[in-house]
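The values are calculated or read from the model by the stated rules, or taken from the named source; none is laboratory data. Please read all numbers here as calculations on a predicted model, not as lab measurements. Neighbour counts run over all protein chains shown; Cβ positions are idealised from the backbone, glycine included.
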Amino acid sequence: MNTTQLLSKFFKPNVSTNIASQTTLAIVRAVLGIMMIHNGMDKLADIEGFAQAYVAYLGLPFPIFLSYVAAFTELIGAPLVMVGLFTRPAALGLFSTMCVAMYHHIKVAGLSLPYLELSAIYAASFLYFAINGPGLFSFDALIANGIDTSALSAKAKKVMRLDKTSKGSGVIEKSEVSVK
């Protein structure tokens, strides 16, 4: 496998060409991204408090450093997921952060669903995007198409409005007009 094919596989989304499905994926990415940016900003607002209450509590080394890693993973990864750029690695980083959050909640409250539910929903959502990519309405899909024009199906290109025949020029050709 050459470099071009490897890169196009990295960026290529693994989803259906249903427009409603693609729109829903874009909305979910946007909502997840906005909420996760908020979480990252909360961490930075009191990094020492977060480090003591969460990271040091788990017994992890370098609590301040790891707190900054978590905050910046959320502040950088979330916008990337939102726009669908480098989605798989960004979502993987966010998934990892949510797994640590879930571990913290389990250590504090056991298997209490009210404590676990939000981080579990985030983790499951980011795992989905880490595996399947962002969908067709994303920069990753545009990059995959730019690297290898055969990476996306003709139907996918039509959904993304990349297919030259799907863009109307407004000019009616003779073959399109039927004469009775």
If you go through the stretch 38-58 one residue at a time, how many are surrounded by 12 or more Cβ atoms within 10 Å (Cβ to Cβ), among the acidic types (Asp, Glu) and either at pLDDT below 95 or outside any loop (DSSP other than H, G, I, E, B) (or both)?
1
Members of the stretch 103-144 found to be surrounded by 16 or more Cβ atoms within 10 Å (Cβ to Cβ), outside any helix (DSSP H, G or I) and either free of Cβ contacts under 8 Å to residues at least 60 places away in the same chain or among the hydrophobic types (A, V, I, L, M, F, W, C) (or both), listed by number:
Leu136, Phe137
Do you know which residues across the stretch 9-61 are among the hydroxyl-bearing types (Ser, Thr, Tyr) and closer than 26 Å to Ile131 by Cβ?
Ser16, Thr17, Ser21, Thr23, Thr24
Selection within the stretch 145-155 - of a type in the set (D, E, K, R) and part of a loop (DSSP other than H, G, I, E, B)
Asp148
Pairs where the first residue, in the stretch 1-30, is under 16 Å from Ala141 (Cβ atoms) and the second is hydroxyl-bearing (Ser, Thr, Tyr) and surrounded by 13 or more Cβ atoms within 10 Å (Cβ to Cβ), C-beta under 8 Å, 6+ apart:
Pro13/Ser138; Val15/Ser21; Gln22/Ser16; Ala26/Ser138; Val28/Ser125; Arg29/Thr87; Arg29/Ser138
Filter result (in a helix (DSSP H, G or I) and either more than 16 Å from the chain's Cα centre (by Cα) or surrounded by 20 or more Cβ atoms within 10 Å (Cβ to Cβ) (or both)) within the stretch 10-37:
Phe11, Ile19, Ala20, Gln22, Leu25, Arg29, Leu32, Gly33, Met36
What is the number of the single condition among (1) under 23 Å from Ser21 (Cα atoms); (2) in contact (Cβ under 8 Å) with a residue 60 or more places away in the chain that Ile147 does not meet?
(1)
When both residues are 6+ apart or on different chains and their Cβ atoms are under 6 Å apart, which pairs have a first residue that lies in the stretch 88-102 and is buried (at least 20 other Cβ atoms within 10 Å of the Cβ), and a second that is among the β-branched types (Val, Ile, Thr) and part of a helix (DSSP H, G or I)?
Ala90/Val81; Ala91/Val81; Gly93/Thr73; Thr97/Thr73
